[in-house]
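This report refers to the structure that appears directly beneath it.
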Amino acid sequence: MNIAHLLRRSAQLHAHQPAVLQGDRVLFDYQTLGARTAALAASLRTRYGVLPGDRVAIYAANAPEYLEALHAIVWAGAVHVPVNYKLHAKELAYVLADSGARVVLVSEALHPAARDAGADPAATLVLGSADYQHAVQQHGAPMPVHDRAPDDIASLFYTSGTTGRPKGVMQTHRNLLAMTACYFTDVDDVLPGDAMVYAAPMSHGAGLYNYAQVLRGGRHVVPMSGGFDPAELVQLAATVGQLTLFAAPTMVHRLVDHVRATGADVSGFKTIVYGGGPMYADDLRTAMAVMGNDRFVQIYGQGESPMTITALSRAHLADTTHPRWPERMASVGVAQSLVEVRVVDAQGQPMPPGDTGEVLVRGDTVMPGYWNNPDATARTLQAGWLHTGDVGVLDADGFLTLKDRSKDVIISGGSNIYPREVEEVLLLHPQVREVAVVGQRDAEWGEVVVAYLVAGEGGPVEDAVLDALCGEHIARFKRPKVYRWVEGLPKNSYGKVLKTELRG
Ligand code: AMP
């Protein structure tokens with residue numbers, strides 16, 4: 001079963017439905033998208049010699065061509081390697097070499113960087129170029145979808161790498177199909193006329209959600225800016241309507257600020273799926289007050305189980321009168337339907353509800369391993385369970401609350417301190433806009449708690465004020481010993497805070 005069958009099927013079933021939009025302009029219907037994709041697949045095979053199982057990298061910012069590139073590669077039986085377009089040429093060089101990519105599909109603006117990274121000019125196809133136009137417009141009998149087994153690799157996803165070298169997660173056709181099925185059972189339905197807007201990079205989670213839209217013949221909207229611009233999104237919600245987007249919590253934050261400042265109409269937003277990093281309770285409360293209670297769904301996943309570990313549904317989020325709503329809205333929800341989730345102790349034994357340990361996942365979305373990296377695979381997959389490296393706690397109803405990455409936990413004077421808990425408290429102060437809490441080595445305590453803060457309107461506040469705030473909410477030993485005000489927090493290209501840099 002090749003995931004490319006989803007597009008092949010929709011090209012017939014939804015032939016004349018609009019498929020790809022740039023801004024609010026329709027570029028192609030499903031029939032055309034299917035034909036262009038089949039032609040590109042044929043061209044990859046005949047002109048570039050791409051064989052089934054070969055890797056083909058996509059190094060491009062969000063663009064309408066991204067969608068046909070993704071589907072054409074698997075259509076030809078090959079494996080796509082979506083590379084974050086913000087990567088440096090050196091990092092790209094590593095990914096190209098590690099994956100052994102045979103061909104690179106690249107956007108015009110990134111062509112020089114691809115050259116610097118050592119991409120073979122004869123095996124580089126520039127999206128939108130004359131060569132590309134030729135490739136997608138080939139006439140003749142369409143190439144059939146190449147047969148693949150469910151456990152063949154469809155994608156190599158390089159982890160965002162907040163530490164060390166990125167690892168290539170092998171995502172199989174089965175993994176991506178199970179992820180897509182879970183989208184419908186646990187995240188959202190896709191109804192006629194719905195549209196997915198790609199405000200976050202298509203190389204990551206936003207792109208993975210294209211399959212659910214393709215399956216139902218939904219519209220794919222690539223913003224004119226190619227990325228995240230709150231004013232543009234509000235505009236698209238008004239003109240395109242029925243808009244769904246996947247957004248990192250920092251994007252939700254910025255969108256909400258914009259809507260609050262402008263009083264914009266948000267009725268054109270159907271669903272905002274957030275995830276990929278912690279959403280702080282205070283930020284979520286504001287988001288729901290500004291955008292409405294029934295627009296949000298949270299997902300928790302990682303490349304190793306793409307987009308699919310838990311989900312906090314629209315219904316659970318909107319159930320604000322539930323006695324445990326405050327805890328639930330601060331959780332990442334319950335295990336998605338096709339996976340099992342447990343929390344285990346250091347020996348790998350399941351822990352009862354209420355106890356904190358490492359989060360493990362098992363199911364059809366879990367990767368078979370890392371590309372050419374048996375050691376990392378053996379450390380991460382044990383007895384059929386994926387060890388996520390995230391620390392969390394389940395409640396009696398199956399809601400999972402994440403504490404932190406295990407490596408971020410601070411051990412001070414022998415006590416475990418979860419930075420997230422301290423961050424949640426500091427964010428309650430209206431003059432604290434962003435915060436990251438880390439441990440720093442200390443001769444006396446082992447580690448001490450240090451808070452890096454970015455000021456909002458009104459500027460920094462006195463240490464004593466923050467001490468008092470912590471005193472109201474958390475144990476004394478969790479209180480930061482040092483507060484450092486900074487202009488901004490170091491983040492990787494997906495917007496995740498690089499705590500390793502803060503620890504120094
Ligand atoms: P990546 O593989 O780059 O997508 O990173 C996955 C990691 O991001 C997870 O292991 C979590 O640490 C974090 N993450 C993903 N979703 C959430 C979420 N909803 N809340 C908190 N952290 C998250």
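The values are calculated or read from the model by the stated rules, or taken from the named source; none is laboratory data. Computed from a prediction, not measured in an experiment: that's the story for all the values here. In this analysis, Cβ positions are derived from the backbone assuming ideal geometry, glycine residues included, and neighbour counts consider all displayed protein chains. Surface areas here come from the heavy atoms of the whole protein model, side chains and all, with no ligands, DNA or RNA. Shrake-Rupley method; radii C 1.70, N 1.55, O 1.52, S 1.80 Å.
Taken over the range 191-220, the criterion of being of a type in the set (Ser, Thr, Tyr) and within 16 Å of the ligand (Cβ to nearest atom) is satisfied by SER203, TYR209. Looking across the range 333-346, the residues that are under 26 Å from GLN171 (Cβ atoms) and open to solvent by 10 Å² or more (accessible area, probe 1.4 Å) come down to VAL334, ALA335, SER337, LEU338, VAL339, GLU340, VAL341, ARG342.
Across the range 259-275, the number of residues qualifying as modelled with pLDDT under 95 and among the aliphatic types (A, V, I, L, M) comes to 0. Can you find a residue that is of a type in the set (Gly, Ala, Ser), open to solvent by less than 10 Å² (accessible area, probe 1.4 Å) and at pLDDT 95 or above anywhere in the range 187-195? Taking every residue of the range 187-195 in turn, at least one turns out to be of a type in the set (Gly, Ala, Ser), open to solvent by less than 10 Å² (accessible area, probe 1.4 Å) and at pLDDT 95 or above. Residues that are away from the ligand (no atom under 16 Å from the Cβ) and of a type in the set (Ser, Thr, Tyr) are absent from the range 245-256 altogether.
For every residue, the table says whether it meets (1) in contact with a strand residue (DSSP E or B) (Cβ under 7 Å, 6 or more places away or on another chain); (2) assigned to a helix (DSSP H, G or I); (3) open to solvent by 10 Å² or more (accessible area, probe 1.4 Å); (4) more than 30 Å from SER337 (Cβ to Cβ).
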{"site": "ASP397", "(1), (2), (3), (4)": "no, no, yes, no"}
{"site": "ASN416", "(1), (2), (3), (4)": "no, no, yes, yes"}
{"site": "VAL422", "(1), (2), (3), (4)": "yes, yes, no, yes"}
{"site": "ALA436", "(1), (2), (3), (4)": "yes, no, no, yes"}
{"site": "GLN440", "(1), (2), (3), (4)": "yes, no, yes, yes"}
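So is THR388 within 13 Å of the ligand (Cβ to nearest atom), buried (at least 21 other Cβ atoms within 10 Å of the Cβ) and not in a strand (DSSP E or B) or not? Criteria not met by THR388. Just to be sure before I move on: is LEU92 open to solvent by 30 Å² or more (accessible area, probe 1.4 Å) and out of contact with any Pro (no Cβ under 9 Å at 6 or more places or on another chain) in the structure I sent? Taking the combined requirement at face value, the residue does not satisfy it. Among the residues of the range 231-241, are any over 20 Å from GLN336 (Cα atoms) and in a loop (DSSP other than H, G, I, E, B)? Scanning the range 231-241, I find at least one residue that is over 20 Å from GLN336 (Cα atoms) and in a loop (DSSP other than H, G, I, E, B), so the answer is yes.
Would it be correct to say that LEU255 is among the aliphatic types (A, V, I, L, M) and touching a Pro at 6+ places or on another chain (Cβ under 6 Å)? When the stated conditions are applied, LEU255 passes them. Every condition in (1) within 13 Å of the ligand (Cβ to nearest atom); (2) hydrophobic (A, V, I, L, M, F, W, C); (3) in contact (Cβ under 8 Å) with a residue 60 or more places away in the chain is met by ALA335 except one, and the failing one is (1). Only residues that are farther than 21 Å from LEU498 by Cα, open to solvent by less than 10 Å² (accessible area, probe 1.4 Å) and either acidic (Asp, Glu) or within 12 Å of the ligand (Cβ to nearest atom) (or both): list them for the range 275-297, please. Selection gives LEU284, PHE296, VAL297.
A quick yes/no check of all residues on (1) in contact with a Cys (Cβ under 7 Å, 6 or more places away or on another chain); (2) open to solvent by less than 30 Å² (accessible area, probe 1.4 Å); (3) under 24 Å from PRO18 (Cα atoms):
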residue: PRO142; (1), (2), (3): no, no, yes
residue: LEU156; (1), (2), (3): no, yes, no
residue: LYS167; (1), (2), (3): no, no, no
residue: ASN175; (1), (2), (3): no, yes, no
residue: ALA200; (1), (2), (3): no, yes, yes
residue: GLN213; (1), (2), (3): no, yes, yes
residue: VAL221; (1), (2), (3): no, yes, yes
residue: MET224; (1), (2), (3): no, no, yes
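The residue that is farthest from the ligand (Cβ to nearest atom), counting only those in the range 399-414 that are surrounded by 14 or more Cβ atoms within 10 Å (Cβ to Cβ) and part of a strand (DSSP E or B), is SER412. Checking each residue in the range 424-434 for being within 16 Å of the ligand (Cβ to nearest atom) and surrounded by fewer than 20 Cβ atoms within 10 Å (Cβ to Cβ) picks out only LEU427. Of everything in the range 299-322 that is open to solvent by 10 Å² or more (accessible area, probe 1.4 Å) and within 8 Å of the ligand (Cβ to nearest atom), the residue that is farthest from the chain's Cα centre (by Cα) is GLU304. Scan the range 165-201 for residues that are part of a loop (DSSP other than H, G, I, E, B) and within 17 Å of the chain's Cα centre (by Cα) and the total you get is 7.
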